[in-house]
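Enquirer: Mind having a look at this structure? Questions to follow.
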Amino acid sequence: MDNKNIGILEYYFSLSGEKSVSEEKEVLKKAEECLRREGAREIVLDEKQNILRFKINIGRTENIFSEYELDILLGEKKMRLKQKLFQNNEKSAISLMKWYIKKRNERIPKGMKYYVSPVRLECDVSMNDGWQTELLRRIIDMLCTVSDDYDLLRHLSEGAVPEKVQCAIR
């Protein structure tokens, strides 16, 4: 291989990278439109990191919003959806939170998983045809899962150990 071939390869790799970035932005724009139609709030597209951030109301009557991040994994033809719940601080019952999250991960639907720092729920969304419907379905699944855990996780993040956790430990 001589220097001319290396230059051609560099050119094609740079074109491929530009195409990838434009595809990512296009998918995020479509996701933004879809989420806006369905009532998501505070939708912000971070163009530097290619992440879409938005909020969805957790309860029907309460003004508690769950924050989400959506980023694209183009190489895998997937999107990663993250639902952020709490940021741990020094007074949180971190070891109990880890214990509870480990137990909870054993029972939640496949493809979803809680993480500890910050406390968040993540899942992947396939970018096949109809991915907008899949994205909305996964958001609803996450809301249902978090609705069962929100109060417990909030208490644990504040350093309090709820009665339900105390009984489970005993």
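The values are calculated or read from the model by the stated rules, or taken from the named source; none is laboratory data. Because the structure is a prediction, the values reported are computed rather than measured. Neighbour counts run over all protein chains shown; Cβ positions are idealised from the backbone, glycine included. Just so you know, the surface numbers come from the protein's heavy atoms only, side chains and all, with ligands and any DNA or RNA stripped out. Shrake-Rupley method; radii C 1.70, N 1.55, O 1.52, S 1.80 Å.
Enquirer: Using the structure shown, decide if GLU90 is modelled with pLDDT under 80 and more than 26 Å from GLU23 (Cβ to Cβ).
Expert: Answer is yes for this residue.
Enquirer: Being open to solvent by 50 Å² or more (accessible area, probe 1.4 Å) and closer than 26 Å to TYR150 by Cβ is the filter here; which residues of segment 40-54 pass it?
Expert: Across segment 40-54, the qualifying residues are ARG41, GLU42, VAL44, ARG53.
Enquirer: Same structure again: Cβ-Cβ below 8 Å, separation at least six or inter-chain, first residue in segment 129-147 and touching a residue at least 40 places away in the same chain (Cβ under 8 Å), second among the charged types (D, E, K, R): which pairs?
Expert: GLN132/LYS30; LEU136/GLU38
Enquirer: Now a separate question. Kindly evaluate LYS77 against the criterion of being open to solvent by 40 Å² or more (accessible area, probe 1.4 Å), at pLDDT 80 or above, under 17 Å from LEU28 (Cβ atoms) and more than 15 Å from the chain's Cα centre (by Cα).
Expert: yes
Enquirer: Return the only residue of SER126, SER117 being among the small types (Gly, Ala, Ser) and either closer than 20 Å to GLU26 by Cβ or at pLDDT 80 or above (or both).
Expert: Sole residue among the options that is among the small types (Gly, Ala, Ser) and either closer than 20 Å to GLU26 by Cβ or at pLDDT 80 or above (or both): SER126.
Enquirer: Take ASN63 and tell me if it is assigned to a loop (DSSP other than H, G, I, E, B), surrounded by 15 or more Cβ atoms within 10 Å (Cβ to Cβ) and at pLDDT below 85.
Expert: Spelling it out, it is not the case that ASN63 is assigned to a loop (DSSP other than H, G, I, E, B), surrounded by 15 or more Cβ atoms within 10 Å (Cβ to Cβ) and at pLDDT below 85.
Enquirer: Further question: Return yes when CYS34 is among the hydrophobic types (A, V, I, L, M, F, W, C) and either farther than 30 Å from GLY159 by Cα or open to solvent by 80 Å² or more (accessible area, probe 1.4 Å) (or both) and no when it is not.
Expert: When the stated conditions are applied, CYS34 passes them.
Enquirer: What residue, among those in segment 153-165 that are of a type in the set (A, V, I, L, M, F, W, C) and crowded, with 18+ Cβ neighbours inside 10 Å, is nearest to ASP71 (Cα to Cα)?
Expert: LEU153
Enquirer: So, of the residues in segment 143-152 that are under 15 Å from GLU67 (Cα atoms) and open to solvent by 50 Å² or more (accessible area, probe 1.4 Å), which turns out to be modelled with the highest pLDDT?
Expert: For segment 143-152, the residue satisfying everything is CYS144.
Enquirer: Here's another thing I want to ask about it. Which one is surrounded by the fewest Cβ atoms within 10 Å (Cβ to Cβ), of the residues in segment 112-142 that are in a helix (DSSP H, G or I) and charged (D, E, K, R)?
Expert: Selected residue: ARG137.
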